[in-house]
Amino acid sequence: MELTAEIAAYRAGSGDPRRLVGEFRRAVLLAPLAGGLPDAGGELMSAVSGGIRWFYAFTDEEALARFAEARGEAGREWPYLAILGARLVDAVVPEVDGLAGVAVNVADVDGSMLFPPVAGIVPDACAVDINSGAESGAVV
């Protein structure tokens, strides 16, 4: 099953969190570059909310276009990096000073999903819940 279908199943209450995380890790996601410029230093676009840096990622160009439209910036070019979900959480998240996760398809009210900085999603060294006793693998 592809990531968007797993997200839909999970949001409908019939999905499996492990399958969802597996599909996320295998998915090629589109991560827009900060500043919207190809020469922006390779930084990925993100936002901070609740003390967590959320990297934006999209399952396809249409989802990215909906994000651009929601921001009122549909008229400009949106350069992006195509990257595996696994690479985002295993290589990019550990480089952040502080907590970080991935927000997928954030402009899609019924199709968005947050992959927070918890064990089972990000490396244990980056997981906020590793020493708190919270259940690992939680998906918001």
Practice task
For the chain, calculate the relative contact order in percent as a whole number, restricting contacts to Cα pairs under 8 Å that are 6 or more residues apart.
Solution key: 23 percent
Handout entry: Backbone HN-Hα couplings from phi across region 50-56 [Karplus 6.51/-1.76/1.60, Hz, Gly and Pro as x]
Key = x, x, 10, 7, 9, 7, 7
Problem - Sum of -39500 (n - 2.57) over DSSP H runs of 4+, divided by residues of the chain (222 nm, nearest 500) - result: -6000 deg cm²/dmol
Fill in the blank from the handout: If amide H atoms are modeled at 1.01 Å from N in the peptide plane, then the residues at a separation of 5 or more from Ser112, or on another chain, having amide H under 5 Å from its own are none
Problem - Helix axis angle, 61-70 relative to the chain longest principal axis, alpha carbon, degrees - result: 80 degrees
Fill in the blank from the handout: Net charge (Lys, Arg +1; Asp, Glu -1) of residues whose beta-carbon lies under 14 Å from that of Leu64, Leu64 excluded, is -4
Practice task
With a ≥ b ≥ c taken as the square roots of the eigenvalues of the C-alpha gyration tensor of the chain, please select rounded if a/c is under 1.5 and otherwise prolate if a/b is larger than b/c or oblate if it is not?
Solution key: oblate
Handout entry: Value of relative contact order over region 12-85, rounded to a whole percent, pairs C-alpha under 8 Å and six or more apart
Key = 42 percent
Problem - Cβ-placed point charges (K, R +1; D, E -1), dipole of region 28-126 about Cα centre in debye, nearest 20 - result: 140 debye
Fill in the blank from the handout: Any residue on another chain or 5+ positions along whose placed amide H is under 5 Å from the amide H of Val106 is listed here as Ala57
Problem - Selection from Phe58, Asn105, Pro17 lying farthest towards where the dipole of the chain points positive, charges on Cβ - result: Pro17
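No lab work stands behind these numbers, since they all come straight from the coordinates. From a predicted model like this one, the values you see are computed outputs, not experimental measurements. Every residue, glycine as well, gets a Cβ built from its backbone with ideal geometry; the counts of neighbours run over all protein chains shown.
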